[in-house]
Amino acid sequence: MSAGSRDKAKAVRETRRATPGAHLRAELRRLGLDQVAVSKATGVSRQSVNNIINGRQPISRAMAGKLGRLTGHSSDYWLSESFGEAHPLSHAGGAAQRFVVAGLLVDHQIARAVKDGIIGITPFAAKNLRTASFDLTLHASVRTSDGGLVDIARSAARGKAFELAGGASVQASTVESVELPRDYLGRIGAVAGLCEYGILATTPLQIEPGFKGRLQFHLFNAGVAGFRLRAGMAVVALEFHRLAAVPGE
């Protein structure tokens, strides 16, 4: 190949490469999002989003993690210096490529998705990983059926453990805050250890894509004997499902 042909081929290859900002613009078109929506979803200013899109500001590692949760790509993916425009989704490579196929995530996939910033679980404890789910733990504050707020950790410290009586229920939440991208949903239920004692968790059918926050639920004692609740105990198991497409597209 002559020098002129090589230069021409190189120029063609370069025109097929996109800067992180240009690729982000293409991803937003794919997801049907505008800069205002990205600003709200990531918690950064619209001006910062605009600066990234127009190449005036690099993507930081923190921002890469937020974009990972929003788009389903890994944080390392968003830290690339350039992207192929012709096939923007096939260039994910590495860890992100393992999450392209829709379906239920297993333990190592959950751990990797959290590490790459695709899924948010804060705080994250590896000991709570199960074969195909993650155990979420009980927050110290629970609300009884009469509307009273009880700090079960403080009660236990005072030697007065909180006992959920048979036939009674409490409104509770998780210690962990969860964040899902737009192409993931979660499904939850009581952990097996509680079900053995007749403790049921009243939860929604699923956690919707884009959810962010602590999970709220009711614990009901369907048994006769009282059951002692402890702050930080595993209460609900959360499954993560990768969807075949972003809803609404």
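Largest first and in whole Å, what are the equivalent-ellipsoid semi-axes of region 89-234 based on the Cα gyration tensor, each being the root of 5 times an eigenvalue?
33, 14, 13
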Name the residue farthest towards the positive end of the dipole of region 110-249 from the options Gly159, Thr144, Leu238, assuming +1 on Cβ of Lys and Arg, -1 on Cβ of Asp and Glu, about the Cα centre.
Gly159
Give me the dipole magnitude in Debye, nearest 20, for region 170-249 about the Cα centre, with unit charges on the beta carbon: positive for Lys and Arg, negative for Asp and Glu.
240 debye
Output the peptides 194-201, 230-237 sorted from most to least packed, where packing is the average of other Cβ atoms within 10 Å over each peptide's residues.
230-237, 194-201
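Starting from 0.36 nm per residue, how many nanometres of slack lie between Ser141 and Arg56 once their C-alpha separation is accounted for? Intermediate results must be reported in sequence, preceding the final value.
Details: separation 85, 0.36 × 85 = 30.60 nm, distance 4.52 nm.
Full extension from Ser141 to Arg56 adds 26.1 nm.
Quick note: the coordinates plus some simple rules give every number you see, no bench work behind them. The shown structure was predicted, so the numbers you read here are calculated from the model rather than taken from an experiment. Reconstructed Cβ throughout: ideal geometry from the backbone, glycine too, with neighbour counts over all protein chains shown.
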